[in-house]
Each structure stands twice: as C-alpha cells, then as structure tokens.
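Trainee: Sharing a structure, written as structure tokens. Questions coming.
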Amino acid sequence: AGGGRMIDRLRKWYYNAAGFNKLGLMRDDTLHEDDDVKEALKRLPEKLYNERVFRIKRALDLSLKHQILPKDQWVKYEEDHPYLEPYLKEVIRERHEREAWNKK
C-alpha cells in the first residue's frame, strides 16, 4: 500500500513538472496529432472539441506572452480525464481490423 501512494505522488509530481497544466491544458491536449489522433478528434462531440480548441488557443496565447495561468486555474492531476482516449482506442482498433482484413 505504501508503494502505491509513493507512485501516485511521483505521478502527480511529474504531471505538474511537465507544465502543460499551468497553461490550462489536459494530457490529451498534448498528444501528437498523427492520423489516428486526427480521426479520433473528428469523432469527438462538438462540446468536447470546442473545449479542447479553447484550451489550446488559450495556451498558445499564454505561451506567446510568456505567462502561465494563476495557480487556482491550473488543471489538477485529479481533474484531468482522458477525454480523447475512448475515441482513439476505437480508431486504432478499427485500423488494426482493416490491416488484418487487407492481409487476407
């Protein structure tokens, strides 16, 4: 049990050290946009997509100004949820199915 708490503290430390949360970004906002991610983004509900676009535009603006958000507006480790992950898993599963089908 003690090791699990230590790993959780390490994860939280690393999450904050990465710094994207200080710009208001979530982990899924930082994914490299390969073909799978681009397809997953197309499948996002409009509300989630618009929220993502807002976070990214705000982060770009802050970055250009060499600023970060006030600490009370940082995305917290506990609040960061993988909103894109279910769509990305589906896209990857479909691609693997297509590749397997094409090998036949």
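Trainee: Net charge near Glu33, counting Lys/Arg +1 and Asp/Glu -1 over other residues with Cβ under 13 Å of its Cβ?
Mentor: -3
Trainee: A further question on this structure: Name the residue farthest towards the positive end of the dipole of the chain from the options Trp74, Met26, Pro45, assuming +1 on Cβ of Lys and Arg, -1 on Cβ of Asp and Glu, about the Cα centre.
Mentor: Value: Trp74.
Trainee: What full-extension length gain, to one decimal in nm, is calculated for Asp61 and Asp34 as 0.36 nm per residue of separation minus the Cα-Cα distance? Display every interim value, and only then the final one.
Mentor: Values: separation 27, 0.36 × 27 = 9.72 nm, distance 2.36 nm.
Here the segment from Asp61 to Asp34 would lengthen by 7.4 nm.
Trainee: If you take the C-alpha gyration tensor of region 2-103, multiply each eigenvalue by 5 and take the square root, what semi-axes do you get, largest first, in whole Å?
Mentor: Working: eigenvalues 166, 80, 24 Å².
Rounded to whole Å, the semi-axes are 29, 20, 11.
Trainee: Between Asn102 and Tyr49, what is the label-point separation in nm under the 7 Å Cα-to-beta-carbon projection?
Mentor: 2.5
Trainee: Would you give the gap between the C-alpha center of region 1-57 and the C-alpha center of region 74-104, rounded to a whole Å?
Mentor: 14
Trainee: With a 1.4 Å probe and all protein chains kept in place, how do Val53, Val91 rank by accessible area, largest first? Walk me through the intermediate numbers first.
Mentor: Details: Val53 45, Val91 10 Å².
The most accessible residue leads, giving Val53, Val91.
Trainee: Given charges of +1 on the Cβ of Lys and Arg and -1 on the Cβ of Asp and Glu, with all other atoms neutral, how large is the dipole of region 1-66 about its Cα centre, in debye to the nearest 20? Could you put the intermediate results ahead of the total?
Mentor: Numbers: 15 positive and 11 negative charges, 93 e Å.
With Lys and Arg at +1 and Asp and Glu at -1, about 440 debye.
Trainee: For His66, His81, give me the order by solvent-accessible area with a 1.4 Å probe, most accessible first, ignoring ligands, DNA and RNA.
Mentor: On the way: His66 165, His81 95 Å².
Reading off the accessible areas and sorting them downward yields His66, His81.
Trainee: Give the cross-link partners of Lys89 among the lysines, using a straight C-alpha distance below 25 Å as the criterion and excluding same-chain residues fewer than 8 apart.
Mentor: Lys12, Lys38, Lys42, Lys47, Lys76, Lys103, Lys104
The values are calculated or read from the model by the stated rules, or taken from the named source; none is laboratory data. All figures in this text were calculated on a predicted structure; none of them were measured in a lab. With ideal geometry, Cβ positions are generated from the backbone for all residues, glycine too; neighbour counts draw on all protein chains shown. The accessibility values were calculated without ligands, DNA or RNA, using every heavy atom of the protein model including side chains. Shrake-Rupley method; radii C 1.70, N 1.55, O 1.52, S 1.80 Å.
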